[in-house]
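**Student:** Take this structure first; my questions come after.
Coordinate-derived values only; no laboratory data. Bear in mind the structure is a predicted one, so any value in this text is a computation, not a measurement. Backbone-built Cβ (ideal geometry, glycine too); neighbour counts: all protein chains shown.
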């Protein structure tokens with residue numbers, strides 16, 4: 001599949017495109033926001049395009065031309081305010097979904113979400129605006145008519161990946177970003193993962209055995 | 001109809017419940033956030049309940065018990081940050097819609113939105129987070145299965161109401177809050193307004209003649 005990774009310069013996005021390139025199972029195109037990021041990805045041998053989640057849907061649709069699958073791994077991050085949470089985590093995701101719908105050939109849309117995004121009662125006060133954005137991004141993907149997989153990792157760490165996870169319904173837990181990237185790479189294009197939301201924390205099951 | 005007004009202590013909400021009480025066509029119940037607001041509404045002869053848009057859907061559903069129509073006129077306002085925009089203007093609206101769905105007897109959900117909330121290209125930079133919230137609140141109401149009317153007024157003023165408006169598709173314009181309140185009161189329960197989004201600016205058409 002031709003896989004389009006939105007947010008390829010993010011902490012998980014970077015590990016995802018690297019893994020996809022190493023695996024060689026899919027052709028990966030990285031979408032990044034800045035020219036210097038594009039130059040860096042190009043220098044490292046990636047197919048890469050500039051794209052702006054604060055721009056219009058039509059431009060995103062054109063950037064997705066020829067793609068079969070989309071991974072939304074973008075996020076405004078912890079260093080910006082709730083205004084960017086609205087613009088990137090919610091509306092940037094919404095525009096990506098709309099662009100995929102308009103594309104007409106996207107067979108799989110994989111959303112990087114967050115553990116418990118579906119359950120308002122579980123949101124810590126300090127993180128509520130972020131969870132509101134993720135919650136509604138997930139919901140609009142579910143209602144989009146696209147084949148989707150929503151991946152909901154627990155608290156992200158920079159620990160080394162183990163290749164082992166737990167995808168049962170869980171209420172809390174940690175997971176290395178490397179394993180999130182590996183899991184995303186695993187589910188792309190997998191029929192068994194279609195139209196599911198999957199919790200993800202560290203565990204004892206090899207990623208290849210999960211789904 | 002028994003009409004439930006969410007955000008009854010807001011600038012438009014206050015004028016709406018006053019008008020509904022004067023008109024006598026509907027029975028109005030005001031939802032407010034604080035005890036002192038409840039006391040004030042009670043002292044002025046209103047049916048009033050406490051309700052918290054940052055609380056859970058079940059409590060909102062219980063507050064809507066016995067109601068036939070809901071008006072969402074709440075907003076976090078300009079003095080708070082984008083975090084409250086996410087929690088109130090988006091997720092508070094979403095919870096109100098979910099509570100109305102769960103209620104099962106709500107025949108009409110009227111959403112106070114904003115002119116051009118449907119058109120990202122029209123959003124001024126400084127107001128984008130607000131419009132993202134209104135945009136997605138409108139969309140999830142449209143997809144809720146409830147009979148809805150979305151009212152999208154232009155720039156709000158404190159001018160005296162004229163009783164005359166323009167509901168044609170317009171790109172810009174002003175409108176007194178008093179006329180927005182009068183228009184909301186007019187559309188509640190009107191079959192002709194069902195499942196429509198209506199722009200609203202000042203104009204030459206008597207509100208009763210619009211729809």
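**Student:** Return only the number of the condition from (1) in a loop (DSSP other than H, G, I, E, B); (2) in contact with a helix residue (DSSP H, G or I) (Cβ under 9 Å, 6 or more places away or on another chain) that residue A:170 does not satisfy.
**Tutor:** (2)
**Student:** Sort through A:119, A:138, A:125 and tell me the only one that's closer than 26 Å to residue B:128 by Cα and free of Cβ contacts under 8 Å to residues at least 12 places away in the same chain.
**Tutor:** A:125
**Student:** Follow-up. If the requirement is being within 20 Å of residue A:141 (Cβ to Cβ) and more than 11 Å from chain A (Cβ to nearest Cβ), which of these qualifies: B:138, B:147?
**Tutor:** After ruling out the rest, the residue left standing is B:138.
**Student:** Right, next: Would you pick out the residues in the range B:124-139 that are in contact with a helix residue (DSSP H, G or I) (Cβ under 8 Å, 6 or more places away or on another chain) and more than 12 Å from residue B:113 (Cβ to Cβ)?
**Tutor:** Those that are in contact with a helix residue (DSSP H, G or I) (Cβ under 8 Å, 6 or more places away or on another chain) and more than 12 Å from residue B:113 (Cβ to Cβ): B:128, B:129, B:132.
**Student:** Please enumerate the residues belonging to the range B:176-201 that are assigned to a helix (DSSP H, G or I), in contact (Cβ under 8 Å) with a residue 40 or more places away in the chain and more than 15 Å from residue B:19 (Cβ to Cβ).
**Tutor:** Matches in the range B:176-201: B:193 only.
**Student:** Right, another one. Residue check: is residue A:204 touching a residue at least 24 places away in the same chain (Cβ under 8 Å) and over 17 Å from the mean Cα position of the chain (by Cα)?
**Tutor:** The answer is yes for residue A:204.
**Student:** Shifting gears a bit: Filtering the range B:76-100 down to residues that are surrounded by fewer than 24 Cβ atoms within 10 Å (Cβ to Cβ) and away from chain A (no Cβ under 14 Å), which residue is nearest to residue B:14 (Cα to Cα)?
**Tutor:** Here the residue is B:77.
**Student:** Any residue in the range B:101-118 that is surrounded by fewer than 23 Cβ atoms within 10 Å (Cβ to Cβ), touching a helix residue (DSSP H, G or I) at 6+ places or on another chain (Cβ under 9 Å) and within 12 Å of chain A (Cβ to nearest Cβ)?
**Tutor:** Scanning the range B:101-118, I find no residue that is surrounded by fewer than 23 Cβ atoms within 10 Å (Cβ to Cβ), touching a helix residue (DSSP H, G or I) at 6+ places or on another chain (Cβ under 9 Å) and within 12 Å of chain A (Cβ to nearest Cβ), so the answer is no.
**Student:** Do we have any residue at all in the range A:20-28 that's touching a strand residue (DSSP E or B) at 6+ places or on another chain (Cβ under 7 Å), in a helix (DSSP H, G or I), surrounded by 22 or more Cβ atoms within 10 Å (Cβ to Cβ) and more than 14 Å from chain B (Cβ to nearest Cβ)?
**Tutor:** Yes, some residue in the range A:20-28 is touching a strand residue (DSSP E or B) at 6+ places or on another chain (Cβ under 7 Å), in a helix (DSSP H, G or I), surrounded by 22 or more Cβ atoms within 10 Å (Cβ to Cβ) and more than 14 Å from chain B (Cβ to nearest Cβ).
**Student:** If you take the residues in the range B:87-110 that are farther than 24 Å from residue A:130 by Cα and free of Cβ contacts under 8 Å to residues at least 60 places away in the same chain, which one is nearest to the chain's Cα centre (by Cα)?
**Tutor:** Restricting to residues being farther than 24 Å from residue A:130 by Cα and free of Cβ contacts under 8 Å to residues at least 60 places away in the same chain, the top hit is B:109.
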